[in-house]
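Q: I'd like to ask some things about the structure below.
The values are calculated or read from the model by the stated rules, or taken from the named source; none is laboratory data. All of these numbers come straight from a predicted model, not from anything done at the bench. All Cβ positions, glycine included, derive from the backbone under ideal geometry; neighbour counts span all protein chains shown.
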């Protein structure tokens, strides 16, 4: 695939990650508690952050989709990530997102996730896109609901208890 696309929303630019994003992303996700609802909740070291970014660059190159770097449209400041992720264990595609703590509760995850889900259905033949949250992560569950997703199951992903949400492709 050629260069990943850049998406524009009302306030955000979702652009391809580059290795220049490793340091600013590391500063966001190394804050204690930011990753508390993830399978590996401890703050990552810089090397792990670099692997996360490199993996997303590779996902775009090999799969044609992945996570975008979420930035403010106004000044380009990195806020976190959002996009689609293939789950090989279940053969599903998930919308995922993570923002630095300063950006929580401002509708940014919803804005980015809605754009990601729309992109997925517009450019791929997905029957559905899912969202996975930790059972205690009510804010993330609200984001998924605002993306049109409904709760489907309490189940396990990535070795942890999760709530699974899904939205099906709308039929014409």
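Q: Looking only at region 132-141, decide whether some residue is part of a strand (DSSP E or B) and modelled with pLDDT of 95 or more.
A: Checking region 132-141: at least one residue is part of a strand (DSSP E or B) and modelled with pLDDT of 95 or more.
Q: To continue, here is another question. Residue 22 fails exactly one of the following numbered conditions: (1) farther than 22 Å from residue 169 by Cα; (2) touching a residue at least 60 places away in the same chain (Cβ under 8 Å). What is the number of that condition?
A: Only one criterion in (1) farther than 22 Å from residue 169 by Cα; (2) touching a residue at least 60 places away in the same chain (Cβ under 8 Å) is unmet by residue 22, namely (2).
Q: Among the residues of region 96-119, write down those that are touching a residue at least 40 places away in the same chain (Cβ under 8 Å), in contact with a strand residue (DSSP E or B) (Cβ under 9 Å, 6 or more places away or on another chain) and over 11 Å from residue 7 (Cβ atoms).
A: Within region 96-119, 97, 98, 99, 100, 108, 117 qualify.
Q: Let me ask another. Grab the strands (runs of 3 or more DSSP E) fully contained in region 1-93, keeping just those with 1 or more residues being closer than 22 Å to residue 160 by Cα and touching a strand residue (DSSP E or B) at 6+ places or on another chain (Cβ under 7 Å).
A: 67-72, 78-87
Q: Out of 158, 165, 124, I need the residue that is closer than 20 Å to residue 88 by Cβ and at pLDDT below 95. Which one?
A: The match here is 158.
Q: If you don't mind, another one. Is it the case that some residue within region 97-110 is farther than 18 Å from residue 25 by Cα and surrounded by 15 or more Cβ atoms within 10 Å (Cβ to Cβ)?
A: Yes, region 97-110 contains a residue that is farther than 18 Å from residue 25 by Cα and surrounded by 15 or more Cβ atoms within 10 Å (Cβ to Cβ).
Q: Over 27 Å from residue 136 (Cα atoms) and surrounded by fewer than 20 Cβ atoms within 10 Å (Cβ to Cβ): which single residue out of 30, 73 fits that description?
A: 73
Q: Tell me, which residue of region 132-172 that is touching a helix residue (DSSP H, G or I) at 6+ places or on another chain (Cβ under 6 Å) and closer than 18 Å to residue 105 by Cβ is surrounded by the most Cβ atoms within 10 Å (Cβ to Cβ)?
A: 143
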